[in-house]
Amino acid sequence: MYLWIHLIFAILLIVLISLSVFKKKGFMPYMMISRVTYLVFIVTGIILFFKAYDRDPLFAILKVLAALMFIALLEMTFAEKTKDRLTKGMIISLYCALILLFIIGFITAGGRPFV
Ligand code: HEM
């Protein structure tokens with residue numbers, strides 16, 4: 001169950017980030033909702049971590065570090081967006097980091113719940 005909650009919120013986060021980054025006006029509510037999702041990721045992530053660590057300690061630790069670095073990068077991007085200084089390069093690196101986080105997540109989960 002926690003894996004499904006984690007995955008559904010990960011997909012929801014893609015939508016929230018896109019609205020926060022690409023909307024010209026009225027993007028603040030999406031940024032705030034994105035920040036609320038951090039809590040869900042951290043809680044479900046900690047619960048998932050222990051089983052993942054038993055299976056593959058290296059990837060479990062790598063996943064948590066990648067997630068925390070992604071949250072920091074996302075907050076930097078949001079800060080630049082609110083100052084209207086967001087560049088195409090920042091947006092591209094954010095989406096590359098998000099894709100990498102998904103890949104590390106699926107490897108850590110051993111492809112579950114799809115295999
Ligand atoms: C920043 C937002 C985050 C995103 C977008 C994200 C995304 C993902 C994705 C897509 C997966 C694979 C899910 C699946 O296989 O169905 C995953 C797995 C995982 N995530 Fe995250 N995650 C985030 C934050 C976190 C945080 C903060 C933690 C830990 C505190 C964490 C710990 C884990 C663990 C341990 C797994 C492996 C689950 C398992 O083996 O069952 N994630 N994550």
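Assorted remarks:
- Test for Tyr95: is it within 16 Å of the chain's Cα centre (by Cα) and more than 13 Å from the ligand (Cβ to nearest atom): no
- Tally of residues being over 14 Å from Leu94 (Cβ atoms) and either among the charged types (D, E, K, R) or touching a Lys or Arg at 6+ places or on another chain (Cβ under 7 Å) (or both) across region 1-26: 4
- Number of the condition not met by Tyr30 [criteria: (1) surrounded by 14 or more Cβ atoms within 10 Å (Cβ to Cβ); (2) within 19 Å of Ala79 (Cα to Cα); (3) touching a Phe, Trp or Tyr at 6+ places or on another chain (Cβ under 9 Å)]: (3)
- Check on Leu68, within 15 Å of Thr37 (Cβ to Cβ), within 13 Å of the ligand (Cβ to nearest atom) and without any contact (Cβ under 8 Å) to a residue 12 or more places away in the chain: yes
- Ile46, sole failed condition from (1) open to solvent by less than 60 Å² (accessible area, probe 1.4 Å); (2) near the ligand (Cβ under 8 Å from one of its atoms): (1)
- Reported count of residues in region 7-22, each being more than 10 Å from the chain's Cα centre (by Cα), without any contact (Cβ under 8 Å) to a residue 60 or more places away in the chain and surrounded by 14 or more Cβ atoms within 10 Å (Cβ to Cβ), is 2.
Condition check ((1) at positive phi; (2) near the ligand (Cβ under 10 Å from one of its atoms); (3) part of a helix (DSSP H, G or I); (4) surrounded by 14 or more Cβ atoms within 10 Å (Cβ to Cβ)) across all residues:
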| residue | (1), (2), (3), (4) |
| --- | --- |
| Lys24 | no, no, no, no |
| Thr37 | no, yes, yes, yes |
| Ile42 | no, yes, yes, yes |
| Tyr53 | no, yes, yes, yes |
| Val64 | no, yes, yes, yes |
| Lys81 | no, no, yes, yes |
| Gly89 | no, no, yes, no |
| Leu100 | no, no, yes, no |
| Ile107 | no, yes, yes, no |
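- Single condition Met76 does not satisfy, out of (1) surrounded by fewer than 17 Cβ atoms within 10 Å (Cβ to Cβ); (2) under 25 Å from Tyr2 (Cα atoms); (3) modelled with pLDDT of 95 or more: (2)
The values are calculated or read from the model by the stated rules, or taken from the named source; none is laboratory data. The model shown is predicted, which means the values in this text are computed figures rather than measured ones. Backbone-built Cβ (ideal geometry, glycine too); neighbour counts: all protein chains shown. Remember, those area values only see protein heavy atoms, side chains included, never the ligands or the DNA or RNA. Shrake-Rupley method; radii C 1.70, N 1.55, O 1.52, S 1.80 Å.
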